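In what follows, a single structure is set out as structure tokens and then discussed.
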Amino acid sequence: MKIAELLPSLYQEIEADLERLDREELLAQLPALKLERYTLNDDALYLYTRSGMSQVAENIDLSGIPGMLLIDLDEAGRVMGIEVLERKDVIAALQLLNITPMPK
């Protein structure tokens, strides 16, 4: 399912911060991002958006968003996943949807 549909508030925050950072190439990818799976460790959440993980080539720090969010990109600039720290609201939203985290 698309992240925009599952986590609309987080999606809007990410969209606004990417606009602030003038990252048009990432904004173009955002609507199509799907949640493949996620892992959870205490208050650290990782949203996998691509199956078949490759090496992380770049991290985009979304410092304009509460908590800590990092977007991981592969060597081609494709979004691989989103690391979410200190956002109990996002964890709660996934739990309300009965989406179970996968083991790391």
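The values are calculated or read from the model by the stated rules, or taken from the named source; none is laboratory data. Computed from a predicted structure; not experimentally measured. Using ideal geometry, Cβ is built from the backbone for each residue, glycine included, and neighbour counts are taken over all protein chains shown. Accessible surface is based on the protein model in full, side chains and every heavy atom, while ligands, DNA and RNA are left aside. Shrake-Rupley method; radii C 1.70, N 1.55, O 1.52, S 1.80 Å.
Some notes on this structure:
- The single condition from (1) open to solvent by 20 Å² or more (accessible area, probe 1.4 Å); (2) free of Cβ contacts under 8 Å to residues at least 24 places away in the same chain that Asp72 fails is (1).
- Counting only strands (runs of 3 or more DSSP E) wholly contained in the chain, the ones carrying 2 or more residues that are hydrophobic (A, V, I, L, M, F, W, C) and touching an Asp or Glu at 6+ places or on another chain (Cβ under 9 Å) occupy 44-48, 68-73, 79-85.
- Residue pairs whose Cβ atoms lie under 8 Å apart, separated by 6 or more positions or on different chains, with the first residue in segment 81-104 and loosely packed, with under 12 Cβ neighbours inside 10 Å and the second of a type outside the set (A, V, I, L, M) and part of a loop (DSSP other than H, G, I, E, B), are Lys88/Asp43.
- For segment 1-18, the candidate set comprises residues that are among the acidic types (Asp, Glu) and surrounded by 13 or more Cβ atoms within 10 Å (Cβ to Cβ); within that set, the residue that is nearest to Ala92 (Cα to Cα) is Glu13.
- When residues of segment 1-47 are limited to those that are aromatic (Phe, Trp, Tyr) and free of Cβ contacts under 8 Å to residues at least 40 places away in the same chain, the one nearest to Leu73 (Cα to Cα): Tyr46
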